[in-house]
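The values are calculated or read from the model by the stated rules, or taken from the named source; none is laboratory data. In this text, all values refer to a predicted model and were calculated from it rather than measured experimentally. A quick note on method: Cβ atoms are made from the backbone with ideal geometry, for glycine too, and the neighbour counts reach across all protein chains shown. Areas reflect the complete protein model, heavy atoms only, side chains present, ligands, DNA and RNA absent. Shrake-Rupley method; radii C 1.70, N 1.55, O 1.52, S 1.80 Å.
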Amino acid sequence: DGRDYMILYGLVALPPIILCDEDAYDSLYTTTITDAKEITPELAFDAVETLYSRLICLGITCDMIGDSIFLRDSVDTNPGISWPTCQNPITDLKQEYQGSAPGQFLEFLKVDLDVRAIGALVEMGAETAAYDAYRWGMHSLASSDFVSSSADGDDRFSMESAAELSYHPDNTVGQSFLQYFSGTTTADGNFAQSQTLKALMGQDEFLVATLTQRRIVAESIMVMTTMHAYAIDSMYQAVESCNNEDDDGIDAWLWDRGVASLSGWGQEDDHANGILLMGVARFLCEEDGACEGPGDISPVNDLLMEALIEGKSRLMDGECDVAKSQIVDAEKLLVTMLVDLVALFAEKIAADTTDADHLAEGYGAAVALLPLMQPITPDSAVVIKSNMGNFRDEATTFSKDDVFDALRMFAIDARIDCTLLTREICDSEDNVVDEGNGSETETEGTASAPLNGGKYSPTTDVDYIVRLTELISAIANDTSIIDGQTRYKEITTDGISLESITLDDTDPGTYLDDRTNPLYSIFMYALWRSHFGSGNDGNDQNREDMEFIDQKVDNYGHTIIVEEFGKTSRYNPLLTAETIRVTNMWMGAAQSLYDAVELCDEAGGGGAGIVANPIATLDDPTFVNPVDQAAAFWYGDADDTAGDGDGSLYSWAKRTKGKFDFGENPGPFDVNTEMHRELTALKMMLSDCLRPVTEDPAFRQNQAKSMRGLVDELTRAMTVPLVQNLIHYVGMVSTAEDADPDMIDYMIVSYILLIVYLAAGMLFLGFGGGN
């Protein structure tokens, strides 16, 4: 049974890592799944250590997890066994550059995870969810302002807020972007924002583009245009603060923000592979075999880090002008990357002028370089524009020689060090080195009784969701598979069943909505791109054709549960109930949280247009508050005396925490405490949004943004028990004797399911999602 639980929690805990590190996926599924029968304490040690090192991908920390009691006790009883210690992420880039405020620095380093998430959602065909992540942010809780805590409201960083930046007068990069595109139809020349949105939504020239092409273009523009200009701007702002002799640390924070915007969390060998501009340099040297040293470090990144470290040091010493000169040096290295990248994809396009993905990659690189090329070598810009600067499906007219000649002339005029280029552009003689008001409003309809002994009081009727947790309890306590299947399909008074949460063939249809729920889309993306998904060959598919084990990928939760009911070994009601709880019920709770944000956002004039007349909802007696729904999914029929048979996520999280020890920590992280606090706050914020003290739409839009930040914190808290259980069962299985022979068949089925989640991370090879 322990082996089955380990596989189950691998299935439900690991999908978000798909945006983070494909090598970690390989390691984890080989040890815990492919070679599950041969797992040893040594192999389990490596798996737990890998999982600890990637908690950042899940948005949680070691303090939230605690220490596994089982792992600790296994060491006491068997001195030959050892287990890794969880340590929070390293924020020292190459162990050389250190952020002055590590917590804030880490949040900005995680911006590249937002870029990955947006790209994956685009490729999943989840346009609205992609725009949601672009507009609100997702993984990073960075603030656009100098604050000491996570961002709320207008302060929270997002890719959209970066694209809307008013550039510093000294930021020639940002000014060049605005000037070059000022004659286009984009509003005030904001090409980065306009073109990213069109790629996200499949509009204008991207109407006929494949999902992969749209992902490539969106990611390329976010990385090489938006974050490029944002990084340089942050550092010029830091120099201005230095000149103003600010003494509150804002200059260091601004410089750190710029560095993080170039690096992302994944920087060279100390972290997973990032995809911001430093990731471009690494991709180029890997393509050419030019990486250096034990960590395969890009020579360009090595020089770039030297400039950034020197600039920060000079800034701290008050030598503002010297720090400013380092920005110039850094920018020249960034332009070097772009020249090299355009040349690389020119080579690839020349080899196959019909390769749509390479055309998209070349376009993304070209439009990032063109604004910087135009003021220096305008004739070269014309050549690059005509060959690569227009999005198209086939290069009917293309000349690699013309592109290389244009790049060579620009490299000479821009005084680029040709020895740093991986493509042979230059001749030898060319080289030149140089929260709410607390209001609470009930509807006129009947409200459900207080949940969990009065800890949460719904103001609308969510009894039908509470009934779902009662059905899970019944499934857990009944050995009859037929009765279990009947309860799984039972429709409650509001037309929902455990089955229908993730099965869209039912009436009224699936509870989940990929337009508003980015987590749901990411899970589907992982399954679709996995070994047993229909997208495992890396090719594009129409959204409606995407499958997982020959079933619609949208129904993945139902597919997993049906496999559990239909396994050939003995029926395990506890495992079946657990499967339903941590697939359908968990994602149902997450969906309800995102629905609350969507409701507020549409009240302010934003959103996806899904909610009809959102302003009037509170006065509708049939209205059901989505925060009440989330609370019902989480608390269900739970109370503090509930036993193992209880169907609620609340009791599951409580049982899970009991498997971990937090030592002398006076305030250990408690998922249920966080859920209660943040659900209560979210409900008040939604009420304030729908019945505000002002009719100003900006108030509602800001409130929706603050709510989204709170929802991200809630879903991170919900992820903690998933990871804790995975750690627990990895340890249990690796130290157990012979596996229960009755469970071998299910182990094989579960092995298939987990590989589906893990293998999806393999799509992201190198830079830009294409190769």
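With a 1.4 Å probe and every protein chain left in place, work out the accessible area per residue of region 272-409 in Å², rounded to a whole number.
For region 272-409, the solvent-accessible area averages 36 Å² per residue.
If packing is taken as the average count of other Cβ atoms within 10 Å, what order do 628-638, 681-691 fall into, highest mean first?
So the peptides 628-638, 681-691, ranked by packing, come out 628-638, 681-691.
Tell me, what % of the accessible area of region 319-373 is carbon and sulfur with a 1.4 angstrom probe?
Percent of accessible area from carbon and sulfur atoms in region 319-373: 51.
For Lys198, give me every one of the lysines with a C-alpha distance below 20 angstrom, ignoring sequence neighbours fewer than eight places off in its own chain.
Lys385
Quick check on packing: order 469-475, 348-354, 47-53 by the mean number of other C-beta atoms within 10 Å, highest mean leading.
Those peptides, ordered most packed to least, come out 469-475, 47-53, 348-354.
Lys683: which lysines have alpha carbons under 18 Å from its alpha carbon, excluding same-chain residues fewer than 8 sequence positions away?
Lys455, Lys705
Under the Karplus relation 6.51 cos²θ - 1.76 cosθ + 1.60, θ = phi - 60°, what is the ordered set of whole-Hz ³J(HN,Hα) values for region 209-215, x standing for Gly and Pro?
Values, residue by residue: 6, 6, 4, 5, 4, 5, 4 Hz.
By average Cβ neighbour count within 10 Å, what is the ranking of 413-425, 365-377, 97-109 from highest down?
365-377, 97-109, 413-425
Residues of region 213-253 with backbone nitrogen within less than 18 Å of a virtual label 7 Å along the Cα-to-Cβ line of Glu394, please, listed as ranges.
213
Check Arg156: other-chain or 5+ apart residues with amide H under 5 Å from its amide H, H built from backbone geometry?
Close amide H contacts, sequence-distant or interchain: Ser144.
Given a cut-off of 18 Å, what percent of all Cα-Cα pairs of region 489-601 lie beyond it?
That tail contains 54 percent of the Cα-Cα pairs.
What distance in nm lies between label points placed 7 Å from Cα along the C-beta direction at Glu563 and Val75?
3.4
Determine, from the Cβ-Cβ distance of Val382 and Arg543 and an R0 of 30 Å, the FRET efficiency 1/(1 + (r/R0)^6), rounded to the nearest 0.05.
The value I calculate is 0.20.
Let me know the shape class of region 303-348, please: from the alpha-carbon gyration tensor, a ≥ b ≥ c as square roots of the eigenvalues, rounded when a/c is under 1.5, otherwise prolate if a/b is greater than b/c, or oblate.
prolate
How about Lys37: which lysines have a C-alpha closer than 22 Å to its C-alpha, ignoring those fewer than 8 places off in the same chain?
Lys567
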